[in-house]
Amino acid sequence: MALDRPSNPEAPRLAVVGCGRFGTHHLEIFTELANAGRAQLLAAVDLDAKRRKEVEREFKVRVYADLEEMLRCETPEGVSIATPDPFHRAAALAAIKHGAHVLVEKPLATTGKDGRAMIAAAKKAGRLLQVDFHKRYDPVHLQLRDEIRAGKLGEVLYGYVHVENRITVPRDWFPAWAAKSSSSWFLGVHFYDLIRWALERDPVSVRATRQMKKLKSAGVATPDAVQAHVTFQGGAEITFQSAWCLPENFESIVNQGIRLVGTEGLSEVDTEYRGARLASGSEPHQRTMRFGFMQRVPGPGGRERTVGYGAEAIAHFAENVAAIKNGAALKDLSGHYPDGEAGLWATRIAEAADKSCAKGGAAVKV
Ligand SMILES: NC(=O)c1ccc[n+]([C@@H]2O[C@H](COP(=O)([O-])OP(=O)(O)OC[C@H]3O[C@@H](n4cnc5c(N)ncnc54)[C@H](O)[C@@H]3O)[C@@H](O)[C@H]2O)c1
């Protein structure tokens with residue numbers, strides 16, 4: 001997919017940092033917006049020379065090796081960051097220093113300290129700090145939030161979340177940094193944020209345990225699974241089961257669902273099985289279709305466009321930058337996007353879960 005229209009000079013000027021598996025989605029969405037006159041995709045940054053060449057060829061933008069050079073030369077108004085987790089802080093601080101608004105892939109940061117530094121820098125500079133928590137844009141989750149806020153469940157008492165990847169994700173997709181992450185940091189944070197957002201309650205404490213068997217024996221020193229029992233304000237007890245150890249022949253790359261029980265009702269959400277399966281002699285296993293995340297559909301003028309909650313979350317950043325460019329104040333947008341504070345809460349839960357695991361499951365304050 002490449003830019004196939006002259007840029008609209010009024011549209012927000014965007015750049016992407018980190019052009020791997022997920023940064024490519026950012027490039028795709030911004031390219032589509034650019035082709036529709038709703039953004040300009042100026043440039044990208046990646047440390048890997050081979051990837052730089054590939055992205056330049058595919059997206060027809062200059063890809064820099066050096067972030068500072070890109071920021072100096074291109075002066076983007078919005079920068080999206082999809083580097084491995086430990087680099088989010090440095091990239092965000094550099095982009096903010098150069099006056100850009102920032103979208104950061106989840107998790108916002110790998111420590112509460114880093115997250116606070118990012119929030120402080122954005123606040124001081126008056127810049128947007130948005131986190132790509134795309135689960136919030138899934139219509140099924142929006143429905144769940146609305147049910148809770150309408151009081152359909154009464155007071156939420158307890159619940160379970162499961163989110164699991166095939167072992168392929170940590171072992172084969174990013175073996176270079178999987179050991180610095182975990183299922184809790186990679187998958188859990190999405191749902192730590194989602195449940196806090198839906199309940200409108202902050203977390204108070206975490207008790208967590210983990211298992212380290214299968215991945216460790218495969219040479220990746222990271223937990224197979226993490227169970228984080230989070231107590232929220234008001235007493236709701238939610239268990240988040242995140243795992244990276246589903247077998248390779250599981251029917252989808254991810255498996256996820258939620259069950260919440262309250263004083264007046266319960267709600268169950270299965271975001272895995274969305275109504276279609278395929279079993280074919282030419283495929284190694286039956287496949288469940290993950291509709292709704294990112295899907296190509298016919299678009300205007302014979303060009304396809306991408307729809308789905310994963311696409312919406314990224315496009316929302318470009319829309320926010322455009323709104324600010326057109327005179328909106330940050331406070332006008334507040335509460336309408338996953339902000340740095342939300343990112344920080346999810347990071348603090350993941351951090352507390354790690355501490356609790358290290359203390360044999362003892363309760364740790366968030
Ligand atoms: N929103 C989601 O559901 C979702 C899904 C997958 C990954 N992610 C997040 O996206 C981020 C990237 O994950 P990924 O799977 O694309 O990883 P990846 O390893 O596929 O890609 C990372 C890319 O960043 C480049 N890079 C590394 N350090 C860099 C730096 N300092 N500056 C510029 N480029 C750098 C690498 O060369 C690579 O091309 C992570 O934070 C991850 O947690 C989010």
*asked:* Looking for something within 11 Å of the ligand (Cβ to nearest atom), assigned to a loop (DSSP other than H, G, I, E, B), under 17 Å from the mean Cα position of the chain (by Cα) and surrounded by 16 or more Cβ atoms within 10 Å (Cβ to Cβ) - is there at least one such residue anywhere in segment 43-66?
replied: no
*Out of all the residues in segment 1-33, which are among the small types (Gly, Ala, Ser) and at pLDDT 95 or above?*
ALA11, ALA15, GLY18, GLY20, GLY23
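Mind checking whether some residue in segment 186-205 is at pLDDT below 95 and not basic (Lys, Arg)?
No; the residues of segment 186-205 include none that is at pLDDT below 95 and not basic (Lys, Arg).
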*ALA100 is checked against (1) touching a Pro at 6+ places or on another chain (Cβ under 8 Å); (2) of a type in the set (Gly, Ala, Ser); (3) farther than 20 Å from GLU319 by Cα and fails just one. What number does that condition carry?*
(3)
_Single unsatisfied condition, ALA121 versus (1) farther than 21 Å from PHE186 by Cα; (2) out of contact with any helix residue (DSSP H, G or I) (no Cβ under 9 Å at 6 or more places or on another chain)_ = (2)
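Here is a yes/no grid of residues against (1) away from the ligand (no atom under 16 Å from the Cβ); (2) within 30 Å of LEU14 (Cα to Cα); (3) in a helix (DSSP H, G or I):
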{"residue": "LEU144", "(1), (2), (3)": "yes, no, yes"}
{"residue": "GLY159", "(1), (2), (3)": "yes, no, no"}
{"residue": "ASP172", "(1), (2), (3)": "no, no, yes"}
{"residue": "VAL204", "(1), (2), (3)": "yes, no, no"}
{"residue": "ARG207", "(1), (2), (3)": "yes, no, no"}
{"residue": "LYS216", "(1), (2), (3)": "yes, no, yes"}
{"residue": "HIS229", "(1), (2), (3)": "yes, no, no"}
_Every pair of residues 6+ apart whose Cβ atoms lie under 7 Å, when the first sits in segment 171-188 and is within 16 Å of PRO107 (Cβ to Cβ) while the second is assigned to a helix (DSSP H, G or I) and within 11 Å of the ligand (Cβ to nearest atom)_ = ALA178/PRO170; LYS180/PRO86; SER181/ASP85; TRP185/ASP85
_Cβ-Cβ distance below 8 Å, separation of 6 or more or different chains: which pairs start in segment 22-39 with a residue that is more than 12 Å from THR306 (Cβ to Cβ) and away from the ligand (no atom under 16 Å from the Cβ) and end on one that is among the hydrophobic types (A, V, I, L, M, F, W, C) and not in a helix (DSSP H, G or I)?_
ALA34/LEU3; ALA34/ALA11; ALA34/LEU41; GLY37/ALA11; ARG38/ALA11; ALA39/ALA11; ALA39/LEU14
*Tally of residues being surrounded by 22 or more Cβ atoms within 10 Å (Cβ to Cβ) and assigned to a loop (DSSP other than H, G, I, E, B) across segment 309-365*: 1
_So CYS19 passes all but one of these: (1) near the ligand (Cβ under 9 Å from one of its atoms); (2) assigned to a helix (DSSP H, G or I); (3) within 25 Å of HIS190 (Cα to Cα). Which condition number does it fail?_
(2)
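The values are calculated or read from the model by the stated rules, or taken from the named source; none is laboratory data. These numbers come from a predicted model, not from an experiment. Ideal geometry is used to build each Cβ from the backbone, glycine not excepted, and the neighbour counts take in all protein chains shown.
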